[in-house]
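The values are calculated or read from the model by the stated rules, or taken from the named source; none is laboratory data. It should be emphasised that the depicted structure is a prediction, and the values quoted were computed from it without experimental measurement. Using ideal geometry, Cβ is built from the backbone for each residue, glycine included, and neighbour counts are taken over all protein chains shown. Please note that ligands, DNA and RNA were not included when accessible areas were found on the heavy atoms of the full protein model with its side chains. Shrake-Rupley method; radii C 1.70, N 1.55, O 1.52, S 1.80 Å.
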Amino acid sequence: MNTIDQSIAALRAQMSQAKLDAYIIPSSDPHQSEYPAEHWNTRSWVSGFTGSAGLAIVTQDHAGVWTDSRYFLQAEEQLADSEFELHKQLIPHAPEHIDWLCQQLSKGQRVGCDGLLFSLGQINRLGKALDAKGIELDYQHDLIPAVWADRPALPKTPIFEHALHYTGQSRQDKLALIQQKIQAQGATACLLTTLDDIAWTFNLRGSDVECNPVFVAYAIVGANKVQLFMDQEKIPAPLQTQLEQEGIEILPYRAITAILDTLKAPHRLLVDKDTVSISLYDLIDEEVVLSGPNVPRQLKAIKNDTEVGHIKAAMLKDGVALTRLYRWLDQALEEDGITEVDVSQKLDQLRRAQGDYHGESFSAIVGYNGNGAIVHYRPTPGSCATLRKEGILLLDSGGQYTNGTTDITRTTALGEPTEEQRRNFTLVLKGHIALARLRFPKGTRGIQMDTLARQPLWEHMLNYGHGTGHGVGFFLNVHEPPQGFAASISQRGTTPFEEGMFTSNEPGFYKTGEYGIRIENLVLTRTAGSNEFGTFLEFETLTLFPIDLRLIDVTLLSPEEKNWLNSYHAEVNRQLAPLLDEEEKAWMADQCRAI
């Protein structure tokens, strides 16, 4: 019996003791993080599947992992030697596992999970579906400590201050603004559970979570009291003194449960039901709870002028690093043996050389030919592709700098592209330009704009299966709610765009087994002007790196699209050239030549 199957057997023994017929293991942590700390990587540990999205269910006679098409190939490989079976989700994030549970279990059987890892909204939806079939849901069971013997401890890495020089807004100013917002909603305090919102609120950063510069904590921001719940040993002594002098009370991380349990009326605690775990929510007296939006999430989505200035500086760093990567790649392809992993490691090295670098903002997607068609492909040593002077390379990567978070995708021809590849690349480019050039009335939502990026592909009956863009943090999470371009009626798709929002623009096309195409820049929402029809907004593209001219069929571009591309390339060359040596300048001038 292999290690995975031993874990399944141990888990089933615990389920029998708890009288559970099924046990659900999500990918999340108590803070609903996209990337959890190693301590909460339970689904990866129990199943062996390491993709960032997915869910495991174990019954007495079945073990399954549910994930979407981005991870099918990876999951099939990683689950092959264990009892776990792959359940292919047709729609990302759809609750298909709930339907499976309802079909497999009988009336009177019991489903268990750890309520600390599920939001109130998730448990309500799951419970409603199971209840309709007479199946009981019990979310009071954390079975993992009894079966994961060498489980990593909670991270102990020190936190550090993100200086006012970068943030443009002090901790006290942010807290005052939050206090003003919650009082306007009739609350005396708000509960913060999401790590990026806590990091933003307190102008603090950490390294507890891979790719995201956050730290494990909770917070309660009240009208007269501010409490930060985290392990004090992670706070350098001078910083702790400063926080306490500013009136911020530091309490142990796990003390949050005792504090919530003792809150009584007339306290009114503003709680976001979509992010608070059911286990924490259950501790709060019903008379104390006031349901409402996550206040810092709305505030931090609007980047201030200081942040924008630093983001633009980070884009220069990224542009220089990418210039040096692609010049290195041109030379490396003359030799044999350059792999996708080599490209990823070289880019990380070149970004680090730019200074104030804290690592990748997500694991780089380096997809050569058919691997580029796997939307969230991640190369691994020993199994990744070796590059040759032919085909197409898709590189989606980003960096975490003290002065900003980057995310860029470029698709590059390593040899002579086919007519089909040039046509499809140009269709994706036309969609990208349609969004980049868009001027729209204030109040417009991402679901209304997403269609524009797809329309050139739709004309040829082509499409792509992911959203067209997501919000991006400021030296924070690369995927930052609430706004974005999406075809679904989701928070991302229905949030109105506002001046100062920082968002990705990334349409694509993927031909399974052959190649992938994606063109991604980050754009800033700014005011275009006002008239009798109201205020209009537009996008300013901040990413600085050329788009591969070899992949463009110029005959498919309109004069307006050519003008946009030429203007963009002229700006890229203007800003990056002063930072390059003479050979790099010549390379950049050629990449940015007018068409």
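Tabulated results
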| quantity | calculated |
| --- | --- |
| Sparse-neighbour loop sites [trypsin sites (Lys or Arg not before Pro); region 1-74; at most 16 other C-beta within 10 Å; DSSP] | Lys19 |
| Fraction of accessible area attributable to carbon and sulfur, the chain (%, probe 1.4 Å) | 49 |
| Antiparallel DSSP beta bridges within the chain, as percent of all bridges there, nearest 5 | 75 |
| Inter-centroid distance (Cα atoms) of region 550-595 relative to region 475-543, Å | 22 |
| Positive-end extreme of charge dipole, the chain - chosen from Gly127, Ile408, Met501 (charges on Cβ) | Met501 |
| When the chain is reduced to its Cα atoms, the Kirkwood hydrodynamic radius in Å | 25.5 |
| At R0 = 35 Å, FRET efficiency that the Cβ-Cβ distance of Gln491 and Asp81 yields, to 0.05 | 0.35 |
| Magnitude of the charge dipole, the chain, Cβ model with Lys/Arg +1 and Asp/Glu -1, debye to 20 | 1100 |
| Set of lysines near Lys430 by C-alpha distance (under 30 Å), chain-local residues within fewer than 8 positions excluded | Lys303, Lys312, Lys317, Lys389, Lys442, Lys511, Lys562, Lys585 |
| For the chain: accessible area per residue (Å², 1.4 Å) | 41 |
| Cβ-derived FRET efficiency at R0 56 Å, Asp305 paired with Ala9, nearest 0.05 | 0.45 |
| Set of lysines with alpha-carbon distance to Lys234 below 16 Å, sequence-local pairs under 8 removed | Lys156 |
| Positive minus negative residues near Ala189 (Lys, Arg vs Asp, Glu; Cβ under 11 Å) | +2 |
| Cβ-based charge dipole, the chain, positive-most Cα from Trp328, Leu290, Ile159 | Leu290 |
| Difference of contour (0.36 nm per residue) and Cα-Cα distance, Ser567 to Gln298 | 93.6 nm |
| Loop sites in region 361-447: trypsin sites (Lys or Arg not before Pro), DSSP, at most 14 other Cβ within 10 Å | Arg388, Lys389 |
| Alpha-carbon centroids, region 272-321 and region 367-417: separation in whole Å | 29 |
| Across Lys181/Lys273; Lys19/Lys264; Lys128/Lys181, pairs whose alpha-carbon gap is larger than 28 Å | Lys19/Lys264; Lys128/Lys181 |
| Distance from region 1-35 to region 167-198 (C-alpha centre basis), Å | 36 |
| Cβ charges +1 (Lys, Arg) and -1 (Asp, Glu), total dipole of region 325-452, debye | 760 |
| Selection from Gln591, Gly391, Gln349 lying farthest towards where the dipole of the chain points positive, charges on Cβ | Gln591 |
